[in-house]
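The values are calculated or read from the model by the stated rules, or taken from the named source; none is laboratory data. Because the structure is a prediction, the values reported are computed rather than measured. Note that each Cβ is placed from the backbone with ideal geometry, even for glycine, and that neighbours are counted across all protein chains shown. The area values use the complete protein model at the heavy-atom level, side chains included, leaving out ligands, DNA and RNA. Shrake-Rupley method; radii C 1.70, N 1.55, O 1.52, S 1.80 Å.
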Amino acid sequence: MPQLAPADWLPQLIWLAIVFAVFYVLMAKLALPKIGGVIDARRDKIKSDLETADGLRRKTEEAIAAYEQALAEAKQKAHGIAQEARDKLNAEITAEREKLEAELDSKAAEAEDAIKKAKESALKEVDGIATDVASDIVNSLIGVSPSKDETAKAVASARQG
Amino acid sequence: MHQFEITRLVELDVFGLDASFTNSGLFMVIAAVLVTGFLVWAMRRPSMVPSRSQSIAELSYEFVANMVRDNSGTAGMPYFPFVFTLFMFILALNMLGLVPYSFTVTSHIIVTFALALFILTGITIIGFIKHGAGFLRLFVPKGVPVVLLPLIAVIEIISYLTRPLSLSVRLFANMMAGHTMLKVFGAFVVALGFLGGWAPLAFMVGFTALEVLVAFLQAYVFAILTCIYLNDALHLH
């Protein structure tokens with residue numbers, strides 16, 4: 001086995017040490033920082049991009065919240081205005097109706113008054129007619145014409161009775 | 001066993017030490033150059049949306065980074081460049097070894113053992129720096145009856161000391177066995193000729209696919225065990 005020839009060991013060991021040392025320096029100082037730098041830069045870029053995206057998302061959410069609040073306020077305001085208008089209209093209608101009712105009431109009272117007066121005057125006339133009719137009846141029955149006062153008294157007592 | 005032989009490409013002598021540039025050294029250089037070249041080429045125009053080559057570079061980065069994070073926690077991340085280097089180095093060496101006529105550096109026990117010994121020595125030093133003498137509690141598991149403690153401690157110490165051996169032999173043996181099998185069946189294809197050689201050839205196609213899996217898996221196992229051992233040193237039990 002050539003592996004067990006001690007005379008060949010030293011050159012291998014010396015060149016192993018030299019090549020490995022140089023190779024290590026090349027890797028550690030040249031190749032690996034380059035590769036690691038790119039990987040780190042990419043990771044940082046992805047991280048910052050994600051952070052930017054997160055910030056934008058948060059801003060969007062804030063904008064949505066502000067919009068919704070404005071919308072709610074506007075709704076509230078619109079509701080208030082509508083309520084006010086309704087109240088105003090209701091008050092106007094009520095006032096109008098009350099005025100109308102009062103007018104109607106007074107007209108009804110006037111009419112009642114007129115009716116009452118008419119009734120009273122009619123009743124008075126009825127008394128006069130009844131007296132005339134009664135004196136005529138008495139005249140035709142007994143041929144005597146009673147005095148006007150007597151007849152009126154008799155009619156009044158008959159009405160009372 | 002010709003494929004495992006070390007050949008000296010450039011004879012070198014530094015202060016009386018044999019520092020010859022061998023085929024093993026050559027493939028180490030090729031592996032390091034290939035991986036570095038690919039990663040630098042793939043990241044030549046880094047962009048937020050990665051190109052295909054950049055995806056592969058990032059995938060390997062994330063793969064090893066997750067491995068370290070999952071097995072050693074965030075405290076292990078300072079050692080991520082080392083684990084990445086280790087993983088890519090072994091993976092490239094294993095994969096290169098599958099190319100015909102190439103040389104598999106990791107099929108030599110001395111290389112894998114040196115790596116494993118270096119790692120476990122380093123991890124032990126890290127453990128002592130982090131916890132001082134308290135690091136020795138690693139060998140005294142909680143909830144063990146006092147009577148059994150000396151025995152358990154001895155077993156724990158032995159198992160700790162054999163870690164470099166098990167780590168290195170696992171990689172070396174897998175590589176050597178796989179390549180020997182490929183060589184043997186390759187020889188069958190030639191020996192059985194045009195008529196009978198198809199059967200071992202078909203086997204070799206499947207077996208090569210398996211070897212690709214093993215090449216990746218052994219690099220992965222080596223790296224993940226490094227992470228687990230590192231976790232022991234960082235967090236004890």
Close pairs from region B:1-15: first under 20 Å from B:VAL184 (Cα atoms), partner open to solvent by 70 Å² or more (accessible area, probe 1.4 Å), Cβ under 7 Å, at least 6 apart: B:MET1/A:MET1; B:GLN3/B:LYS183
Residues of region B:153-182 classified as within 14 Å of chain A (Cβ to nearest Cβ) and surrounded by 14 or more Cβ atoms within 10 Å (Cβ to Cβ), total: 10
Residue check for A:ILE35: facing chain B (nearest Cβ under 7 Å), at pLDDT below 90 and open to solvent by less than 20 Å² (accessible area, probe 1.4 Å): yes
Test set (1) over 14 Å from B:LEU86 (Cβ atoms); (2) surrounded by 14 or more Cβ atoms within 10 Å (Cβ to Cβ) - B:LEU120 fails condition number: (1)
Residue list for region A:106-151, filter: in contact with a helix residue (DSSP H, G or I) (Cβ under 6 Å, 6 or more places away or on another chain) and either among the hydroxyl-bearing types (Ser, Thr, Tyr) or at pLDDT below 80 (or both): A:THR131, A:SER135, A:SER145, A:PRO146, A:THR151
Region B:36-51 residues that are among the aliphatic types (A, V, I, L, M), paired with ones that are in a loop (DSSP other than H, G, I, E, B) and surrounded by 14 or more Cβ atoms within 10 Å (Cβ to Cβ) (beta carbon under 9 Å, 6 or more apart): B:ALA42/B:PRO50; B:ALA42/B:SER51
Any hit, region A:2-22, residues being open to solvent by 60 Å² or more (accessible area, probe 1.4 Å), within 60 Å of the chain's Cα centre (by Cα) and more than 7 Å from every other protein chain (Cβ to nearest Cβ): no
Residues being touching a Leu at 6+ places or on another chain (Cβ under 8 Å) and either among the aromatic types (Phe, Trp, Tyr) or open to solvent by less than 60 Å² (accessible area, probe 1.4 Å) (or both) - total across region B:199-211: 5
